[in-house]
């Protein structure tokens, strides 16, 4: 299942055949599988960006919580 999430084109190809039988129209099935594949790809990318922002915020947070040295030398 992770392979299908990592490769939206593979997901589109896998979805196309069952949707063809459901709709009875290849063009409609292809268009639907393309839209579903694009949606899954965008959601996956959004999830990765969110996780990267959280990771960078966690790594930057300890450095910003330290008190700055305000005394002149």
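The values are calculated or read from the model by the stated rules, or taken from the named source; none is laboratory data. The model shown is predicted, which means the values in this text are computed figures rather than measured ones. Here the Cβ positions follow ideal geometry from the backbone for every residue, glycine too, while neighbour counts run over all protein chains shown.
Could you please let me know if residue 7 is within 15 Å of the chain's Cα centre (by Cα) and modelled with pLDDT under 85? Yes. Selection of the range 1-47 for residues being loosely packed, with under 10 Cβ neighbours inside 10 Å and in a helix (DSSP H, G or I) yields 2, 3, 21, 27.
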